[in-house]
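Heads up, the thing below is written out as structure tokens.
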Amino acid sequence: MTPSHSPFLRALLYIVVSILLFQPCLSLARNGDDWVLVERFKAQLKRAQAGNPNAMYEVAHMYERGRGTPPDIHQAVQWFERASAKGQADASAQLGVLYLEGNGVKRSLQKALHLLKPVAETGNATAQYYLGQMYEQGKGVRHDLGQAEYWYRQAAKSGHYLAIDRLKLLARAKEKSRHRQSVASSKLRSRAAKTDSPAMVLMRTVLQAKWQKAGRPSSFLPSASTHCRRQHNRAVTCKSGVQERKTYDAVVRYSTNATLSGFKNADTFEVSYVNTVLKVKPVVRHQLDGSTTTRRPPNIPLGKQSVTHTLRCELKSVNQLVCVKDNNMTDTFTRAK
């Protein structure tokens, strides 16, 4: 090796070592994490391992959402279980939801009821909402709209927007007379009896179902949380009730407007939808000393968002619908029973 080559080789070696050292950082950046969340996760994990139930709940939540750490639903379940065993109500409620949906655990409506009902009775709004959902849909309990309304009403007192929306929808359903429902059902059966094109049969099949993903109603397909209307022979429009999405910093409430079109054959159609942000509320965190802190919410503009999502959907069977979102993400929806 001549002296003239030495600086070049040293520079090359420096570049290779830098790439190896900073590869984890690049991976975190691609996953949308930041150092603040990573450090937060480390601190909370240390407190959780020391036995703090609130820290256990937050660690579970961060594992579930992939905040500050890669998502790991099995680790989330374990930490939710530990926190729940120590009496952490939010952990019991979230664990009940996971059993209700079969997310990270084998679905068990009995375990979901066992976890949700006690904390619902102590005033936990999340548990109250999902307990109301179980009564409304007859999951793990007998179908009872009276009990469903009661628990939705309890959750609504704490400002739970999904519960408020369900109460409104149930109230509208009550306002319809049996006669009008009978007439509508008769017309629907009459239309179904006619011989239509395969595309029209597909539209009717999609429109008459209540589609859900992992137990949660779809916000852009006909479902328990949307109001859909056939506009003409080739399109259906759907509008969702108020939806809620939680981030580490904020609770975002929004609604969705969708158009289903392209019914040209027996099994495929297209969906386009856009979200409208209604409210962005900062998350208030309770500290061990009794004080509270409010994190600055992300800069999410209110109103109709600029991004329109597109999906191509295929009806695999009368009970299963597969949609490819924005040409890169596949979601499977099932018909609610």
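The values are calculated or read from the model by the stated rules, or taken from the named source; none is laboratory data. Nothing here was measured: the structure is a model prediction, and the numbers come from that model. Cβ placement follows ideal geometry from the backbone for every residue including glycine, while neighbour counts extend to all protein chains displayed. Remember, those area values only see protein heavy atoms, side chains included, never the ligands or the DNA or RNA. Shrake-Rupley method; radii C 1.70, N 1.55, O 1.52, S 1.80 Å.
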Verdict on ILE73 being hydrophobic (A, V, I, L, M, F, W, C), within 23 Å of the chain's Cα centre (by Cα), open to solvent by 30 Å² or more (accessible area, probe 1.4 Å) and at pLDDT 60 or above: yes
Tell me, which residue of the stretch 125-146 that is of a type in the set (D, E, K, R) and part of a loop (DSSP other than H, G, I, E, B) is most open to solvent (accessible area, probe 1.4 Å)? ARG142
Tell me, please, whether a residue that is in contact with a strand residue (DSSP E or B) (Cβ under 7 Å, 6 or more places away or on another chain) and either surrounded by 15 or more Cβ atoms within 10 Å (Cβ to Cβ) or of a type in the set (Lys, Arg) (or both) can be found in the stretch 147-163. yes
Looking only at the stretch 115-124, which residues are in a helix (DSSP H, G or I) and either in contact with a Cys (Cβ under 8 Å, 6 or more places away or on another chain) or surrounded by fewer than 15 Cβ atoms within 10 Å (Cβ to Cβ) (or both)? GLU121
Checking the conditions here, which among GLN78, GLN88 is of a type outside the set (D, E, K, R) and over 22 Å from LEU131 (Cα atoms)? GLN78
When residues of the stretch 265-294 are limited to those that are part of a loop (DSSP other than H, G, I, E, B) and open to solvent by less than 80 Å² (accessible area, probe 1.4 Å), the one modelled with the highest pLDDT: ASP267
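Assess whether LEU145 counts as being touching a residue at least 12 places away in the same chain (Cβ under 8 Å), over 23 Å from ALA60 (Cα atoms) and among the aliphatic types (A, V, I, L, M).
Values: touching a residue at least 12 places away in the same chain (Cβ under 8 Å): yes; over 23 Å from ALA60 (Cα atoms): yes; among the aliphatic types (A, V, I, L, M): yes.
So LEU145 fits the description; yes.
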Scan the stretch 213-246 residue by residue and report those that are open to solvent by less than 30 Å² (accessible area, probe 1.4 Å), in a strand (DSSP E or B) and within 29 Å of VAL283 (Cβ to Cβ). THR226, SER240, GLN243
Go through the residues of the stretch 49-59 one by one and say whether even a single one is part of a helix (DSSP H, G or I) and among the small types (Gly, Ala, Ser). yes
Which members of the stretch 248-264 meet the condition of being in contact with a helix residue (DSSP H, G or I) (Cβ under 8 Å, 6 or more places away or on another chain) and either open to solvent by less than 50 Å² (accessible area, probe 1.4 Å) or among the aliphatic types (A, V, I, L, M) (or both)? TYR248, ARG253, LEU260, PHE263
So how many residues does the stretch 206-250 have that are over 20 Å from GLN133 (Cα atoms), in contact (Cβ under 8 Å) with a residue 12 or more places away in the chain and either among the polar types (S, T, N, Q) or touching a Pro at 6+ places or on another chain (Cβ under 8 Å) (or both)? 11
